[in-house]
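Here is the structure we will look at, set down as structure tokens.
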Amino acid sequence: MAKAPKPGLVKTRLTRSLPVPAVTALYRCLLADTVALARSLSDVEVAIMCPGGDIDELTLLAGNAVRVVAQKGEGLAAGLTSVFAHFVAGQGRVIAFNSDSPHLPPSVLKNAFRLLTAHDVVVGPTHDGGYYLVGAKAVHPTLFENDGMGTGNALEGLLARARSLDLSTGFTDPFYDVDVDNDLIRLADDLRAAPAKAPQTAAWFAEWDHAVAELRTGTEGL
């Protein structure tokens with residue numbers, strides 16, 4: 001799941017503390033490293049699902065690495081519904097996850113596919129009440145209705161709808177996504193320890209080290 005890295009339209013909560021060009025460059029790096037993570041899995045088809053207006057830019061960025069597919073409808077809920085409507089028939093088990101997750105261990109994605117052999121739905125919770133990953137092996141058109149992604153009750157809403165549809169749910173390990181300053185600082189620490197995990201994002205941190213250090217000082221003072 002991705003958007004084109006357009007200034008002022010990606011990772012907007014980070015622009016409160018960092019210049020828009022820096023945040024746009026960060027998103028571009030996160031996306032590149034997340035695609036590389038997905039492509040590191042064997043026997044998995046990787047594609048980018050995006051808003052229709054972003055398809056040309058993302059196709060140019062992706063080159064021949066992955067297929068880029070335009071979602072039907074507007075918003076993230078429509079995008080998630082489009083993922084399963086488009087791919088389930090051909091692939092059987094489909095995992096959708098966000099474009100800013102280069103820090104995920106490949107084992108998390110592999111486990112998500114394994115969990116789908118025994119469950120109808122698999123979910124990867126985030127620490128803030130949302131989810132970074134959702135998978136299914138059939139199309140459930142109402143699963144993402146009134147999704148509330150980006151809010152603290154997105155996971156709760158998803159699980160409630162899964163229960164109402166009588167779907168069994170498996171869970172991958174909880175992880176953080178990169179939305180606010182503390183998330184960015186945590187990712188900086190993770191990549192300082194293992195920069196090869198997400199080399200383009202690690203290079204971004206090296207370039208913007210001073211700005212991230214100021215973020216760290218600011219959050220420690222809260």
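The values are calculated or read from the model by the stated rules, or taken from the named source; none is laboratory data. Not measured: the values here are computed from a predicted model. As a convention, Cβ positions derive from the backbone with ideal geometry for all residues, glycine included, and neighbour counts pool all protein chains shown. Side chains are part of the model used for accessible areas, which takes the heavy atoms of the whole protein and leaves out ligands, DNA and RNA. Shrake-Rupley method; radii C 1.70, N 1.55, O 1.52, S 1.80 Å.
Is it the case, given these coordinates, that ARG93 is closer than 24 Å to VAL121 by Cβ, within 18 Å of the chain's Cα centre (by Cα) and of a type in the set (Lys, Arg)?
Spelling it out, ARG93 is indeed closer than 24 Å to VAL121 by Cβ, within 18 Å of the chain's Cα centre (by Cα) and of a type in the set (Lys, Arg).
Go through VAL122, VAL139 for me and flag whichever is open to solvent by less than 50 Å² (accessible area, probe 1.4 Å), over 18 Å from LEU31 (Cβ atoms), touching a Phe, Trp or Tyr at 6+ places or on another chain (Cβ under 8 Å) and in contact (Cβ under 8 Å) with a residue 40 or more places away in the chain.
Values: VAL139 fails: open to solvent by less than 50 Å² (accessible area, probe 1.4 Å).
Among VAL122, VAL139, only VAL122 is open to solvent by less than 50 Å² (accessible area, probe 1.4 Å), over 18 Å from LEU31 (Cβ atoms), touching a Phe, Trp or Tyr at 6+ places or on another chain (Cβ under 8 Å) and in contact (Cβ under 8 Å) with a residue 40 or more places away in the chain.
For segment 166-176, give me each residue that is of a type outside the set (Val, Ile, Thr), touching a strand residue (DSSP E or B) at 6+ places or on another chain (Cβ under 9 Å) and open to solvent by 20 Å² or more (accessible area, probe 1.4 Å).
LEU167, SER168, PHE171, ASP173, PRO174, PHE175 - these are the residues of segment 166-176 that are of a type outside the set (Val, Ile, Thr), touching a strand residue (DSSP E or B) at 6+ places or on another chain (Cβ under 9 Å) and open to solvent by 20 Å² or more (accessible area, probe 1.4 Å).
Considering only residues of segment 1-15 that are part of a helix (DSSP H, G or I) and without any contact (Cβ under 8 Å) to a residue 40 or more places away in the chain, which is most open to solvent (accessible area, probe 1.4 Å)?
THR12
Restricting attention to segment 112-121, does a residue exist that is modelled with pLDDT of 95 or more and among the small types (Gly, Ala, Ser)?
yes
Report every pair of residues separated by at least 6 positions or lying on different chains whose Cβ atoms are under 8 Å apart, first residue within segment 154-175 and in contact (Cβ under 8 Å) with a residue 40 or more places away in the chain and closer than 24 Å to LEU187 by Cβ, second part of a loop (DSSP other than H, G, I, E, B) and of a type in the set (A, V, I, L, M, F, W, C).
Filtered contacts from segment 154-175: PHE175/LEU104.
For SER42, only one of the following conditions fails: (1) out of contact with any strand residue (DSSP E or B) (no Cβ under 6 Å at 6 or more places or on another chain); (2) at pLDDT below 95; (3) surrounded by 19 or more Cβ atoms within 10 Å (Cβ to Cβ); (4) in a loop (DSSP other than H, G, I, E, B). What is its number?
SER42 satisfies all of (1) out of contact with any strand residue (DSSP E or B) (no Cβ under 6 Å at 6 or more places or on another chain); (2) at pLDDT below 95; (3) surrounded by 19 or more Cβ atoms within 10 Å (Cβ to Cβ); (4) in a loop (DSSP other than H, G, I, E, B) except (3).
Let's see how each residue does on (1) in a helix (DSSP H, G or I); (2) among the hydroxyl-bearing types (Ser, Thr, Tyr); (3) under 22 Å from LEU155 (Cβ atoms):
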residue	(1), (2), (3)
ASP173	no, no, yes
ASP177	no, no, yes
LEU187	yes, no, yes
THR201	yes, yes, no
TRP204	yes, no, no
ALA211	yes, no, no
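I'm checking my understanding of the structure. Among residues of segment 85-96 that are at pLDDT 95 or above and out of contact with any Lys or Arg (no Cβ under 9 Å at 6 or more places or on another chain), which one is least open to solvent (accessible area, probe 1.4 Å)?
ALA96
Could you please find all residues in segment 198-222 being buried (at least 17 other Cβ atoms within 10 Å of the Cβ) and modelled with pLDDT under 95?
Once the filter is applied, which keeps residues that are buried (at least 17 other Cβ atoms within 10 Å of the Cβ) and modelled with pLDDT under 95, segment 198-222 yields TRP208, VAL212, LEU215.
Within the set of pairs 6+ apart or on separate chains, which have a first residue in segment 63-91 that is in contact (Cβ under 8 Å) with a residue 12 or more places away in the chain, a second that is among the hydrophobic types (A, V, I, L, M, F, W, C) and open to solvent by 50 Å² or more (accessible area, probe 1.4 Å), and C-beta atoms under 6 Å apart?
LEU76/MET149; PHE84/VAL139; ALA85/VAL139; VAL88/VAL139
So which residues in segment 71-81 are buried (at least 17 other Cβ atoms within 10 Å of the Cβ) and touching a helix residue (DSSP H, G or I) at 6+ places or on another chain (Cβ under 7 Å), if there are any at all?
Passing the criteria: only GLN71.
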